[in-house]
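Since the structure comes first, as structure tokens, the remarks are kept for the end.
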Amino acid sequence: MIQMSLKSIMRELKELKDGIGNMSKRGDQSKLWRSRTRSHVAPDEAPLESQLSEQSPWASLPPELLLDIIQRVEESETAWPARAVVVFCAAVCRSWREITKEIVKTPEQCGRLTFPISLKQPGPRESPIQCYIRRDRTSSTYLLFYGLVPSEGESDKLLLAARKVRRATCTDFVISLVADDFSRASNTYVGKLRSNFLGTKFTVYDSQPPCGSMIQSTARLSRRFHSKQVSPRLPACNYSIGTVTYELNVLRTRGPRRMHCILHSIPVSAIQEGGTAPTPSALPQSLDEQLSPLHSSKGKEQIVDTISPSIRATPVFSPGSREPLALKNKAPRWHEQLQCWCLNFKGRVTVASVKNFQLVAAVEPSHNVSPEEQEKVILQFGKIGKDIFTMDYRYPLSAFQAFAISLSCFDTKPACE
């Protein structure tokens, strides 16, 4: 048995990562790798695999020893940026990547975010995952970071980024894995949030179809792109997975905004005793995994904009399909001394704002959801400083779903205030 300290293993892995960065200067594929490791959680696939397999002695380790090494790394590095070592393990070669993906658990199981797919998987059931959002008014971008509050060294891990795009009849928030590429023709595109004209109703779109039971009849899919300009490996789909609706405030009464969320990709049974939420295992790597092959057109390029014929404006559930999960505002209380509406954010929100909210499950007695589960705050969002907001979420929401819902607060809603 080869004897080796855990520190030396991690040092070697970091040196291996640096070697990958140096090799990546030679081609376009490796340029994408550099931006991924710098900007978001982790890559799902390692670049330059054949070169690494030939050059790295790590690729030939016995499976038993390899399993022990990765398990030790996983158990010792639980927080970012140190957790990047787990990512380096997945970047060595195919055998390392497969074992790492087997060892690393989902956020629901371990409460940690590691790979990009973690952002599409449900959060932990007990303690929430705590994040914060930084708004940049000049560039109309919103960055979601992993952490309690912004750190002084700005070393916090970027999870997701969104850019606000105003259009004639709506507003789009395009969501990406990186902060410098918001193109739908990029494999860093993960979804978007679109509002109606009044800013009272928002639709959440995912770049991949809902996992499990919420199949074709519940997903609105469309694609719009120049058919010759988009690589078949890049995602260009949108599936409607939920809506966020704000009640109109016709009488202009004082109080927080009232919002209601319907999550078509999560059944209400997920919060019942013994229930589970859909958990995707991988991000789509090509359009072929999401829709039928594209029709090639000859001659002049045309813009393709197709919508599945079985889809309507609002997701339609086939007979026997499960009822979607609904969320509502947790009712605030009026504080006589402060003369304002108050919610217990447990110290995570420090500035009064109309944007602050807490969401709990909106269920009926027939759903058989325990009172304790009904009181659990699934998502909370609030202001802590100028252009800084906290966002804490838990099961059954994913980071992507929670971020999309939170983004709806940043659109203008004159009819709701």
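The values are calculated or read from the model by the stated rules, or taken from the named source; none is laboratory data. Model, not experiment: these values are computed from the prediction. Ideal geometry is used to build each Cβ from the backbone, glycine not excepted, and the neighbour counts take in all protein chains shown. In case anyone asks, the SASA skips ligands and DNA or RNA and just uses the protein heavy atoms, side chains included. Shrake-Rupley method; radii C 1.70, N 1.55, O 1.52, S 1.80 Å.
Treating each Cα of the stretch 58-104 as an identical point scatterer and ignoring solvent, apply the Debye formula and state log10 I(q)/I(0) at q = 0.16, 0.17, 0.25 Å⁻¹.
-0.36, -0.41, -0.86
Where does each of 71-78, 95-102, 322-329 land if you order them by average Cβ count within 10 Å, highest first?
Order by mean packing, descending: 322-329, 95-102, 71-78.
What FRET efficiency do you get for residue 136 and residue 76 if R0 is 35 Å and r is their Cβ-Cβ distance, rounded to the nearest 0.05?
0.50
Return the whole-Å distance between the Cα centroid of the stretch 333-370 and the Cα centroid of the stretch 123-167.
22 Å
Say the cut-off is 32 Å between C-alpha atoms; which of 101/330; 105/201; 192/386; 101/383 go over it?
Distance filter (> 32 Å) returns 101/330; 105/201; 101/383.
Between residue 334 and residue 196, what is the label-point separation in nm under the 7 Å Cα-to-beta-carbon projection?
Distance between the two pseudo-spin positions: 3.0 nm.
Rounded to the nearest 0.05, what FRET efficiency is calculated for residue 366 and residue 412 with R0 set to 56 Å and r the Cβ-Cβ distance?
0.90
Would you mind putting 264-277, 364-377 in packing order, based on average other-beta-carbon counts within 10 Å, highest first?
Packing order, densest peptide first, comes out as 264-277, 364-377.
Enter the accessible area per residue of the stretch 58-104 (Å², integer; probe 1.4 Å; all protein chains in place).
On a per-residue basis, the stretch 58-104 sits at 44 Å².
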